[in-house]
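These notes concern the structure reproduced below.
None of the figures in this text is laboratory data; all of them are computed from the coordinates on show. If you're wondering where the values come from, they're calculated on a predicted model, not measured in any experiment. A quick note on method: Cβ atoms are made from the backbone with ideal geometry, for glycine too, and the neighbour counts reach across all protein chains shown.
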Amino acid sequence: MRGAIREWAIHRLGASGEFDVLPLIGSKEFVAWLPTFLEASRVLYPEIAYPTYSVGAILASATGTPVSVDPTTWPDADLAWINSPSNPTGRVHSDDELKAVIHWARANKCVVASDECYLDFGDGIHPVSILSLTSGDNRNILAVHSLSKRSSMAGYRAGFVIGDVDLIARLREVRKHAGMIVPLPIQKAMITALSDDVHVKEQRQRYNSRRQRLAPALQRVGFEIEESRAGLYIWCTRREPDWDSISWLAELGILATPGYFYGAKGDHHIRVALTATDANVDEAVARLTQAASLQIFT
């Protein structure tokens with residue numbers, strides 16, 4: 001399995017130089033426990049982000065600080081998380097932004113963990129791994145991946161981390177004592193999934209098709225789509241409190257997530273998932289279209 005991950009990292013991510021790999025019981029496990037394993041006291045994470053970054057800092061009794069994309073504004077830390085493509089916004093870091101993060105990690109001798117679980121789901125854009133931009137010097141850099149997203153294997157709990165050899169050796173020693181070992185049947189499934197790209201392409205097309213149908217319907221009822229260029233979600237706003245938008249959609253029988261769940265700066269946005277069935281997405285589009293025709297959103 002480690003060989004399969006290594007080959008995939010080279011050919012899909014563009015990883016080079018010296019690096020190691022470590023299988024995970026899902027990427028959520030790693031996000032939640034990495035600050036503890038590193039004995040970090042100061043953790044940075046995106047200001048609009050997957051909440052488990054913050055929870056991981058809490059579990060480690062560390063100080064968690066939300067930060068912007070620009071690393072020149074970041075305070076000193078032991079661990080910094082970045083997430084591209086982003087959950088919930090679908091924002092994709094540019095090459096220059098990723099290079100700035102690498103420079104910051106080297107200058108500050110700080111670990112950077114790049115959560116890349118949505119990397120395969122660009123929509124008109126091709127997200128890249130941080131490992132493709134290190135020029136083979138992977139010190140203090142970790143890239144986190146999950147087959148929950150890439151291969152729709154959420155129930156399998158199958159993920160992995162790639163990067164700094166010394167860091168991964170340190171993590172491996174701690175994790176094996178904690179019993180966090182991927183079972184053999186899951187290893188076999190991971191090898192099979194990583195050896196095939198056809199199902200990933202099909203799933204990407206499926207998500208993007210849903211986005212192309214649902215986004216215009218949301219716009220017709222007053223939502224502005226922001227970012228949403230990759231991943232499994234639409235990030236949008238009607239310039240009103242998130243719970244007002246959530247309540248209005250609920251009246252139509254449509255469920256979404258309030259942006260505040262992902263940070264205080266998201267409190268006027270909502271996250272709309274593209275993970276419902278095609279039939280349910282089409283039904284949501286029909287309900288939004290009817291609401292637009294009746295102008296019941298004004």
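Taking a ≥ b ≥ c as the square roots of the Cα gyration tensor eigenvalues, with a/c under 1.5 meaning rounded and otherwise prolate when a/b beats b/c, else oblate, which class fits the range 93-168? Because a/c hits 1.5 or more and a/b fails to exceed b/c, the range 93-168 counts as oblate. Among I186, I162, the order by Cβ neighbours within 10 angstrom, fewest to most, reads I186, I162. Against the chain, whose longest principal axis comes from its Cα atoms, helix 242-251 is set at around 50 degrees. For K109, a cut-off of 22 angstrom between C-alpha atoms picks up these lysines, skipping any fewer than 8 places away in its own chain: K99.
With respect to the chain, whose longest principal axis is taken over its alpha-carbon atoms, helix 95-108 is tilted by about 40°. The C-alpha atoms of the chain define a longest principal axis, and helix 198-220 lies at about 40 degrees to it. In terms of surrounding Cβ atoms within a 10 Å radius of their Cβ, H199, H93, H126 rank from fewest to most as H126, H199, H93. Here the relative contact order of the chain, from alpha carbon pairs under 8 Å that lie six or more residues apart, stands at 20 percent.
From the Cα gyration tensor of the range 114-264, with a ≥ b ≥ c the square roots of its eigenvalues, which class applies: rounded if a/c is under 1.5, or else prolate if a/b is larger than b/c, or else oblate? Prolate is the answer for the range 114-264, as a/c is 1.5 or above and a/b outweighs b/c.
Scanning the chain for trypsin sites (Lys or Arg not before Pro) lying in DSSP loops with no more than 14 further Cβ atoms inside 10 Å, the longest uninterrupted stretch between such sites is 110-238.
Give the residue from S228, W248, Y207 lying farthest towards the positive end of the charge dipole for the chain; charges sit on Cβ (+1 for Lys and Arg, -1 for Asp and Glu) and the dipole is referred to the Cα centre. Of S228, W248, Y207, it is Y207.
Working note: 222 nm ellipticity from helices only, DSSP H runs with n ≥ 4, each -39,500 (n - 2.57), summed and divided by the residues of the chain, gives -12000 deg cm²/dmol to the nearest 500. Here S135 and V174 are evaluated by their C-beta separation; at R0 = 41 Å the FRET efficiency comes out at 0.90. Got a sec? Which residues in the range 149-177 would a label at H126 touch, if it sits 7 Å along Cα→Cβ and we count backbone N under 16 Å? What the label zone holds, given the 16 Å backbone N cut-off, is no residue at all.
Rounded to the nearest 20, the Cβ-based charge dipole of the chain about its Cα centre (Lys and Arg +1, Asp and Glu -1) stands at 560 debye.
Just need the relative contact order of the range 198-293 here, percent rounded to a whole number, with Cα pairs under 8 Å and 6+ apart. Relative contact order for the range 198-293 comes out at 31 percent. Taking other C-beta atoms within 10 angstrom as a stand-in for reagent exposure, F261, F37, F19 fall in the order F261, F37, F19, fewest first.
Give, rounded to the nearest 20 debye, the magnitude of the charge dipole that the range 152-298 has about its Cα centre when Lys and Arg contribute +1 at Cβ and Asp and Glu contribute -1 at Cβ. Let's see the in-between values first.
Numbers: 19 positive and 17 negative charges, 78 e Å.
Dipole magnitude for the range 152-298 comes out near 380 debye.
With contacts taken as Cα pairs under 8 Å and at least 6 residues apart, the range 1-138 reaches a relative contact order of 25 percent.
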